[in-house]
Structures are given as structure tokens and as C-alpha cells.
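Below is one structure; the comments refer to it alone.
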Amino acid sequence: MNVNLAWIGVIFSIASTMLLIKYYRGIAAGRPSHALGITVFFFSIVSSFSLLVVYRQWAALLNENALKTQKLAESHALDLKGKPIVPDWTYFAFVACWFLNFLFPGMWMFSLFQVVLFVVFLHFLFEAIKKLQEEKAYLYRTLFGVEYRPIIRERNVLFVLLLTMFTLGVYWLYLVIRLSKEINEFLDTDDRITKNLEVKP
């Protein structure tokens, strides 16, 4: 998980917002700056693409770990009752709407679908995280005789959405960095445990 890319997305997002406010102030004062407008556009593109890659990494890395966990369980004849996978369609449908919204900024329908699909993506992501950590707790206890402490905090998509709206997006920028770090810690810890601990006889 590339946390540096998450930082780039967050920093450029903050910078583009601040410059956009300045740009609109210039328009209101009758002194629009075309150079500032181009800078805002460039910063927004860098931020958006960086964050889109980060979101993809979230889902891809967790899905890869879920499949690895399933194989470990199957090799020891354990049934985990399903795979906690983030469906690919949720991400790619969201990206498609983001792209259409970028091409046709005046069409509110694409903006609405973009938000709805991103909420759906987050719902599947948070549910996958919850179920995956529950499976880890069961596997670690059964195979290695150790207790697992959840690393990735359990989150509710509605709470995240409301808090993001209430803070005008600030909470989301914080969450991008925080969740990226948590996923990295989760993957590193899981890799260390499965390599260093021996399965109980």
C-alpha cells in the first residue's frame, strides 16, 4: 500500500481547494487569473488520479489477502464460509461515473451516480475488512494458538459519509491516510505471523 501516494492525493486536494477559492474570488472581483485556473485544474487531476489509485490498492490488496487466507484455511481443512471480497465492479463503475462526470461536468446525474457508487464501494470495503479480520482471529486461534487484535478499525459507511459532509471533506482526507496506514500494518502483521509461527499439531 503506497501511503506516499495517499499523501500526494491529500496534499494536492487541499492545495487545489485553496487555489479554487482564490480563483473564484478573482472572478468575483472582475480579475480572473487564467494561470491560476490552469494550476487548479492540474492540481485537481493529480489529486484525483492519486486517490483513484489508492482506492484501487485498498480493494486489490485486501482481496489478495482474503484469497491467501482462504487457501491457508483450505490447506488445513478449515471452512471459513465464504470469501470477504470487495467486488471489482463497484470500483470500476465508480471510476466510469467519475470519468463521465469529468467529461460532462454539467450533467448532475453522473455526479449523483459517482457518489452513490463510491458509497457502495466503501460499504463492500468496510464489510470485507470486518469479515477478513474475524477470519484472521479464528485462524490464528485455531492454527497458531494466538489471539488476534484487530488492526483495521471497524467503520460504518453512513457514519463516514455524514462525518465527511459535516467536516466539509476534512475527515475523508484524514481517513485516506489513516486507512492506508492501517491496511499496511494489517498486511505486515499477517505476513509476519504466518511466516514465523508454527501450526499447532
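Some values worked out for this structure:
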| quantity | calculated |
| --- | --- |
| Those residues of region 33-66 which are among the aromatic types (Phe, Trp, Tyr), closer than 17 Å to Asn4 by Cβ and surrounded by fewer than 16 Cβ atoms within 10 Å (Cβ to Cβ), in sequence order | Phe49 |
| Number of the exception - Val146 against (1) closer than 24 Å to Ser47 by Cα; (2) surrounded by fewer than 15 Cβ atoms within 10 Å (Cβ to Cβ); (3) aliphatic (A, V, I, L, M) | (1) |
| Filtered residues of region 69-87 (kept if basic (Lys, Arg) and either more than 21 Å from the chain's Cα centre (by Cα) or open to solvent by less than 30 Å² (accessible area, probe 1.4 Å) (or both)) | Lys71, Lys81 |
| Search result, residues across region 102-122 that are closer than 29 Å to Lys68 by Cβ and buried (at least 17 other Cβ atoms within 10 Å of the Cβ) | Leu117, Phe118, Val120, Phe121, Leu122 |
| Pairs where the first residue, in region 134-149, is under 16 Å from Phe186 (Cα atoms) and the second is in a helix (DSSP H, G or I) and among the basic types (Lys, Arg), C-beta under 6 Å, 6+ apart | Tyr148/Lys136 |
| Test: residue in region 88-101 that is surrounded by 13 or more Cβ atoms within 10 Å (Cβ to Cβ) and touching a residue at least 60 places away in the same chain (Cβ under 8 Å) | no |
| Residue count for region 123-143, restricted to those that are open to solvent by 30 Å² or more (accessible area, probe 1.4 Å), at pLDDT below 90 and out of contact with any Asp or Glu (no Cβ under 7 Å at 6 or more places or on another chain) | 2 |
| Near pairs, Cβ below 7 angstrom, 6+ apart or cross-chain, from region 39-63 (more than 19 Å from Ile177 (Cβ to Cβ)) to any residue that is in a helix (DSSP H, G or I) and open to solvent by 40 Å² or more (accessible area, probe 1.4 Å) | Thr39/Leu19; Val40/Leu19; Val40/Leu20; Val40/Tyr23 |
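The values are calculated or read from the model by the stated rules, or taken from the named source; none is laboratory data. Just so we're clear, the structure is a prediction, and the values are computed from it rather than from any experiment. Using ideal geometry, Cβ is built from the backbone for each residue, glycine included, and neighbour counts are taken over all protein chains shown. Only protein heavy atoms, including side chains, enter the accessible area calculation; ligands, DNA and RNA are left aside. Shrake-Rupley method; radii C 1.70, N 1.55, O 1.52, S 1.80 Å.
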